[in-house]
């Protein structure tokens, strides 16, 4: 984490111009902190199999964090969640203005692919990484999930539809982080696919946990507005808090079993993250 944070701080977007806040806005939400879960998944895979490629993978890890941050900036906009707080800081449209927030998000989206394209990795590897992030971050993935989420506010979905929503909006970017790490180090396709499936269920667990946290924690504890999901298709709204906790426990136990079936190197690589996040919905 420290290596990644140092790299992020040294490689914030720098675009000199006479615009008074543009460059500041590009880096503001990146510097605001966060779990860095997606880049850590990717870097853990790289560090386990090919530590010599770790430095070469850092731009790709930063690209993932940039892409995720763009999605948060846009998710917080008045047209979507209209949130005042993110990562314990004012959201970008509150700190500056709505236009600046939209454009900063747009820029981070594009800059993510620019970073991957310029990473010191083989060209075929970079093309595959761009393909994977575009697939799961775009119209077939995260954006689809966000579109469903926004369109069906105050229109209850059933449990399978809610899973489709959150697999796209949240889980795919987590799953592809693992897969991208596996691509960088050249793991076999069946291992990549297994990691991706594991990541999809891990991402679904993450969303159930977020819904539980929204229901049970204060804004100060969560670092973002909570208790504002009444109109959303959340697991807690559909199942209730108690059943959502049971669902999270069941999924976490299943993931733990699957994790223990991974080979030793993979377990060592991911164990700190799994230990930290598998049961974060529990106090």
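The values are calculated or read from the model by the stated rules, or taken from the named source; none is laboratory data. No experiment lies behind these values; they were computed from the predicted model shown. Here the Cβ is made from the backbone with ideal geometry for all residues, glycine too, and neighbour counts use every protein chain on show.
Quick check on this structure: which one of 100, 91 is modelled with pLDDT of 95 or more and within 23 Å of residue 35 (Cα to Cα)?
Working: 100 fails: within 23 Å of residue 35 (Cα to Cα).
Criteria check complete, one pass: 91.
All conditions in (1) in contact (Cβ under 8 Å) with a residue 24 or more places away in the chain; (2) farther than 30 Å from residue 54 by Cα; (3) crowded, with 17+ Cβ neighbours inside 10 Å hold for residue 108, with the sole exception of (2).
Listed here are the residues, each with its yes/no results for (1) surrounded by fewer than 18 Cβ atoms within 10 Å (Cβ to Cβ); (2) more than 20 Å from the chain's Cα centre (by Cα); (3) in contact (Cβ under 8 Å) with a residue 60 or more places away in the chain.
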site: 22; (1), (2), (3): yes, yes, yes
site: 26; (1), (2), (3): no, no, yes
site: 72; (1), (2), (3): no, no, no
site: 81; (1), (2), (3): no, no, yes
site: 93; (1), (2), (3): no, yes, no
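Put simply, of 205, 173, 178, 157 the only residue that is under 15 Å from the mean Cα position of the chain (by Cα), in contact (Cβ under 8 Å) with a residue 40 or more places away in the chain and under 16 Å from residue 236 (Cα atoms) is 205.
Restricting attention to the stretch 44-70, the residues that are over 14 Å from the mean Cα position of the chain (by Cα) and part of a helix (DSSP H, G or I) total 15. In the stretch 73-80, the condition of being outside any loop (DSSP other than H, G, I, E, B) and more than 23 Å from residue 234 (Cβ to Cβ) is met by no residue.
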